[in-house]
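Novice: This is the structure I have questions about; it appears just below.
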Amino acid sequence: MSTFKTLTPSTLSREAFVEAFADIYEHSPWVAEKAYDLGLDASVDQIESLHQRMSDILLSADHASQLALINAHPDLAGKAAVQGQLTEASTHEQAGAGIHQCTAEEFQRFTELNEAYKAKFKFPFIMAVKGSDRHQILAAFETRIHNPADAEFRCALAEINKIALFRLLQL
């Protein structure tokens, strides 16, 4: 089990807890609010335990809340990235995967895939990009765009939970 380097969640007030964890799930502080409202004990001081709690909250949420959280995520190599409008965490995650180093052709392919994916599924392609490079991300995009909608929805939630764990490990 891993402990947080910068804070002790079990000692935080509701306001401080929500502030600290509000963007673990992209623009969705409701996950942190519900995690706090379940009550805090020493178990939440372990990253994996808090992650499991937050993951369970996402997976047990209603479809509309899950879809809203999925839609809160930016397109990979999309306009928000190019225009510098991503959250700090998303900026670091995409840069770590080398997305900012895409050639003009690669950016064009990302744009085409983002548009086709959203037209088919009605939500953005989600992938925990840490440890991947832009070529692996494009390959995953090319494969997953052929999946059925229900499989991609479940995959998006699983990828969001991976992203959340990576973000928690930074704290």
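The values are calculated or read from the model by the stated rules, or taken from the named source; none is laboratory data. Values in this document were obtained by computation on a predicted structure and should not be read as measured data. A quick note on method: Cβ atoms are made from the backbone with ideal geometry, for glycine too, and the neighbour counts reach across all protein chains shown.
Novice: Is it the case, given these coordinates, that residue 53 is surrounded by 13 or more Cβ atoms within 10 Å (Cβ to Cβ), outside the structural domain of residue 141 (by TED's automatic domain parsing) and modelled with pLDDT of 95 or more?
Specialist: Working: surrounded by 13 or more Cβ atoms within 10 Å (Cβ to Cβ): yes; outside the structural domain of residue 141 (by TED's automatic domain parsing): yes; modelled with pLDDT of 95 or more: yes.
Yes: the conditions hold for residue 53.
Novice: What's the number of the only condition in (1) under 17 Å from the mean Cα position of the chain (by Cα); (2) modelled with pLDDT under 95 that residue 48 fails to meet?
Specialist: (2)
Novice: Next question. Could you please let me know if residue 76 is buried (at least 21 other Cβ atoms within 10 Å of the Cβ), modelled with pLDDT of 95 or more and closer than 26 Å to residue 111 by Cβ?
Specialist: Values: buried (at least 21 other Cβ atoms within 10 Å of the Cβ): yes; modelled with pLDDT of 95 or more: no; closer than 26 Å to residue 111 by Cβ: yes.
No: the conditions fail for residue 76.
Novice: Can you list residue pairs whose Cβ atoms sit under 8 Å apart, with the first residue in segment 1-25 being under 15 Å from residue 169 (Cβ atoms) and the second being at pLDDT 95 or above and among the acidic types (Asp, Glu)? Count only pairs 6 or more apart in sequence or on different chains.
Specialist: Correct list of pairs: 1/48; 2/48; 3/45; 4/45; 9/45.
Novice: Sticking with this one: Find the residue count for segment 12-36, including only residues that are exposed (fewer than 12 other Cβ atoms within 10 Å of the Cβ) and not in a loop (DSSP other than H, G, I, E, B).
Specialist: First, the residues of segment 12-36 that are exposed (fewer than 12 other Cβ atoms within 10 Å of the Cβ): 13, 15.
With the extra rule that they be not in a loop (DSSP other than H, G, I, E, B), the set shrinks to 15.
Residues in segment 12-36 being exposed (fewer than 12 other Cβ atoms within 10 Å of the Cβ) and not in a loop (DSSP other than H, G, I, E, B): 1 in total.
Novice: Looking at residue 95 and the list (1) farther than 30 Å from residue 62 by Cα; (2) in contact with a helix residue (DSSP H, G or I) (Cβ under 8 Å, 6 or more places away or on another chain); (3) outside any loop (DSSP other than H, G, I, E, B); (4) modelled with pLDDT under 80, which single condition is not satisfied?
Specialist: (2)
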